[in-house]
Amino acid sequence: MATPNNLAFIGEWFKNDTETVQQLIVSFYPSEKAIELFERKTKKVILHKTKIEDLSQSDFFVGAKLLIFGKQINIIGYGDSYTKLKYGNEQRIFIMVFSEALQHIGEILHAITKNDLHIRQLNMLKIDDNYSWILKNFCTEQSELSYFVDNIPSNSFVAMELTGDNSYIRFKVLCGHANSSDGANISASTTLRALYGTGIYFSNSAISSNMESKLIFSNNDVRLCLKSSVLLKNSTLCIIKPHAVRQGLTGEIITQILEKGFIVSAMKMMRFERANCEEFMGVYKGVIPEFESMVMQMISGDLIALEITNKFENGYSTQQSFRDFCGPSCPDIARITRPHTLRAQFGQNKILNAIYCTDLEEDTMLELDYIFKFLP
């Protein structure tokens with residue numbers, strides 16, 4: 001049972017050895033960054049209170065996937081009324097970033113994180129013309145969604161679901177007036193729309209926002225007509241690793257990528273299952289001693305995958321240019337030899353080095369296809 005000092009959730013742990021699912025009570029102590037695990041039916045202790053530095057309260061929500069000492073635990077519900085009540089004010093809201101604001105997606109993501117709003121889902125999408133009629137049907141069949149569907153951009157856009165206490169009101173203040181040419185600039189010059197333009201869509205009510213999020217991220221018919229914006233041409237893969245996402249570095253990293261002259265042509269938040277990660281990184285198995293630690297980091301939480309393209313005319317491929325910008329895999333070496341690279345600025349050590357990038361030119365299309373086409 002939760003107290004003012006801890007939160008309780010119901011979790012499910014799939015046990016590979018017996019191929020069974022065990023339900024647990026997951027207790028988290030925010031001030032101590034500690035966790036306890038109990039078998040739900042018998043109350044048997046699975047893990048005594050243990051401090052885990054990587055965990056924070058934002059990692060705990062219904063639908064979250066936690067990696068605790070190699071065990072993946074899916075949070076499926078609240079463990080008691082206290083926790084349910086505490087999370088009662090947490091709203092899920094939907095936003096779109098498009099047009100000129102896309103050029104500032106890094107700054108927008110940084111502002112969202114800085115204001116203690118949590119990104120639960122993120123994808124860069126575009127309408128598939130072959131299935132655009134599906135969206136038109138929603139305009140006629142569900143009138144409450146007509147305005148929203150009419151506002152879905154024809155070009156690429158970033159769709160996000162955000163959560164947090166009273167997140168609708170807080171993002172409304174952060175976003176600013178719909179017309180950046182008057183209200184936003186006059187009343188609040190630091191709002192997102194005042195700074196980056198009107199290419200930020202935000203619903204006129206919390207209820208509508210929740211409906212829009214479900215439509216984009218959960219409706220199978222709509223998912224059919226909104227495809228990834230991935231180009232698979234003169235591009236390469238970048239992954240912002242889970243530790244960097246958890247530290248709130250996503251926006252700063254993307255800003256630096258864009259300021260360097262690269263283009264982010266596709267983007268998605270995702271989480272690796274262990275089997276998929278080992279397959280994806282299989283080329284390093286038996287070659288790099290840290291392979292197991294690399295896999296454990298990559299499956300430890302949400303990551304942000306990016307397709308990177310460029311407009312350079314220097315004779316270098318995107319893969320070569322971006323790999324150079326990432327720097328040596330060891331941040332300590334990078335800080336000495338190439339201090340302006342991404343790993344030098346955002347990495348901690350060889351495992352927690354913030355960025356994964358495609359190492360070999362011939363692997364670029366294979367990796368991009370695996371991340372943006374094969375995995376959900």
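What follows is calculated from the coordinates using simple rules that are stated; it is not laboratory data. Because the structure is a prediction, the values reported are computed rather than measured. Counting neighbours? That spans all protein chains shown, and the Cβs are built from the backbone with ideal geometry, glycine included.
Here are the numbers:
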quantity: Amide H partners (placed H, <5 Å) of residue 34, local residues excluded; calculated: 29, 52
quantity: Centroid-to-centroid separation of region 231-254 and region 261-329 [C-alpha atoms, Å]; calculated: 8
quantity: Region 15-147 shape via C-alpha gyration tensor axes, a/c threshold 1.5; calculated: prolate
quantity: Unit charges on C-beta of K, R, D, E only; dipole of the chain, Debye; calculated: 820
quantity: Inverse of mean 1/r across different Cα pairs in the chain, Kirkwood, Å; calculated: 22.2
quantity: Cβ crowding within 10 Å averaged over residues, with 169-176, 318-325 ranked highest first; calculated: 318-325, 169-176
quantity: Contact order relative to length of region 252-376, as percent, for alpha carbon pairs under 8 angstrom and 6 or more apart; calculated: 24
quantity: Anchor residue 44: aspartates and glutamates whose Cα lies under 17 Å away (excluding residues fewer than 8 positions away in-chain); calculated: 12, 36
quantity: Positive minus negative residues near residue 46 (Lys, Arg vs Asp, Glu; Cβ under 14 Å); calculated: +4
quantity: The chain: relative contact order as a whole-number percent, Cα under 8 Å and 6+ apart; calculated: 15
quantity: 17 Å Cα-Cα reach of residue 227 towards lysines, excluding residues that sit fewer than 8 places from it in its own chain; calculated: 126, 136, 214, 268, 373
